[in-house]
1. Taking the range 51-107 as the region of interest, how many residues are among the charged types (D, E, K, R) and under 19 Å from Phe22 (Cβ atoms)?
2. Under 8 Å between Cβ atoms, at least 6 apart or on separate chains: pull out the pairs that start in the range 218-234 with a residue that is assigned to a loop (DSSP other than H, G, I, E, B) and end on any residue that is modelled with pLDDT of 75 or more and charged (D, E, K, R).
3. From Ala124, Ala115, Ala155, which residue is crowded, with 17+ Cβ neighbours inside 10 Å, small (Gly, Ala, Ser) and more than 24 Å from His222 (Cβ to Cβ)?
4. Suppose we filter the range 51-85 for residues that are out of contact with any strand residue (DSSP E or B) (no Cβ under 9 Å at 6 or more places or on another chain) and either touching a residue at least 60 places away in the same chain (Cβ under 8 Å) or of a type in the set (Asp, Glu) (or both); how many remain?
5. Output the number of residues of the range 126-181 satisfying the condition of being basic (Lys, Arg), within 24 Å of the chain's Cα centre (by Cα) and in a loop (DSSP other than H, G, I, E, B).
6. Please go through the range 194-211 and give me each residue that is touching a strand residue (DSSP E or B) at 6+ places or on another chain (Cβ under 9 Å), under 23 Å from Ile311 (Cα atoms) and free of Cβ contacts under 8 Å to residues at least 60 places away in the same chain, ordered by number.
7. Considering only residues of the range 325-351 that are among the aromatic types (Phe, Trp, Tyr) and not in a loop (DSSP other than H, G, I, E, B), which is nearest to Pro147 (Cα to Cα)?
8. Listed residues Asp93, Asp85; which is part of a loop (DSSP other than H, G, I, E, B), crowded, with 19+ Cβ neighbours inside 10 Å and among the charged types (D, E, K, R)?
Amino acid sequence: MTRVGFITSPLTSGHSGRGVGFYVKRLLPHLKSQAPNFGFEIFEIEKLLKIKKLKLKIVHYPFFDLFTPSLPLISPAKTIITIHDVIPLEFPDYYPPGIKGKLALTWQKLALSRAERVITDSYASIKAIRKHLSVPHDKIKLVYLAPGLEFKPLADPKILASVLRKYRLPAKFILYVGDINWNKNLPTLAEACQKIQIPLVLVGKQVANLEQLDTSHPELSHLSNLKSQISNLTVRRLGFVPESDLVAIYNLATVYCQPSYAEGFGLPVLEAMTCGTPVICSRSHSLPEIAGDAAIFFDPYSAADLINKIIFVLSDKNLQQKLSAGGIEQAAKFTWTKTARETLQVYQEVM
């Protein structure tokens with residue numbers, strides 16, 4: 001068996017409650033179960049010192065920090081790196097790296113140039129990685145992510161009623177799940193919901209701490225608008241919620257909306273679709289690629305367009321049913337079994 005080290009630090013770092021942590025948590029069990037079929041044995045590595053001791057042939061870093069020197073310049077094993085997106089490089093006015101960040105990026109680019117392969121989540125990210133990190137096209141491999149198996153339509157009215165009461169949710173609402181970074185475009189969503197007078201439910205660890213965030217920083221400056229909008233809105237800010245409750249919240253939502261200017265993948269879109277929730281999302285970056293024909297799209301730079309699309313969906317029950325059925329069918333194309341298999345095929349390529 002060929003020994004492969006999989007870096008698990010995102011499970012215990014600040015990434016644990018975010019996309020990278022979910023990626024590691026969900027991919028790793030499938031990798032380990034399928035690895036013997038490909039002639040590999042997966043070792044979980046939290047400290048890089050173990051790489052030499054275990055005599056690993058491949059090391060997979062499931063993350064890439066743009067402005068922190070997280071990769072070694074010299075590795076005793078062949079290196080594979082997952083880069084989910086390079087959004088801060090695409091929108092530098094909103095994600096200024098500072099001097100230390102620029103130096104770290106130079107380090108990271110050099111380390112990246114010595115990697116055997118780069119895995120990423122979408123064609124949109126492939127284009128951005130080629131442009132901003134100068135990675136040759138033949139080194140980049142597309143491997144889609146997937147929703148967790150726990151996300152599904154729920155038929156038990158007792159479960160739904162219990163979660164509805166627990167979080168004091170309205171009977172009809174627009175749902176958003178995720179971070180509150182600039183690229184998520186939450187002020188546009190809040191403005192649209194305010195104009196339509198429909199409740200907005202926000203799920204995510206950061207949104208619960210909105211008042212404590214420094215909105216003078218360029219990356220968070222948009223939140224000053226969001227704060228004022230929230231004060232005039234019927235908004236439920238739930239913060240972090242357990243996955244079991246999140247599944248029910250997706251099921252209870254009238255519509256899920258992903259208003260982002262840019263996404264590397266857009267996992268909540270698939271989670272919502274898997275639960276049968278109608279989806280409205282922006283026609284930018286990876287989102288049309290992931291949602292296919294199963295969502296209603298809008299221009300993320302136009303609140304008026306989003307308003308029209310929300311009204312369009314809310315006023316048509318037949319359309320809601322069509323989006324629900326189409327979303328379930330579209331989301332079924334993405335599985336962690338497939339993600340693991342294609343990741344193991346990348347490992348085979350570098351041997």
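The values are calculated or read from the model by the stated rules, or taken from the named source; none is laboratory data. Quick caveat: nothing in here was measured; it's all calculated off a predicted structure. Quick reminder, even Gly has a Cβ in these numbers, built from the backbone with ideal geometry, and neighbours come from all protein chains shown.
1. 2
2. Going by the 8 Å Cβ cut-off, the qualifying pairs are Pro218/Asp93.
3. Step by step, each of Ala124, Ala115, Ala155 is checked, and only Ala115 is crowded, with 17+ Cβ neighbours inside 10 Å, small (Gly, Ala, Ser) and more than 24 Å from His222 (Cβ to Cβ).
4. 1
5. Number satisfying all stated conditions: 1.
6. Within the range 194-211, Gln194, Pro199, Leu200, Val201, Leu202, Val203 meet the criteria.
7. Across the range 325-351, the extreme among qualifying residues is Trp336.
8. The conditions single out Asp85.
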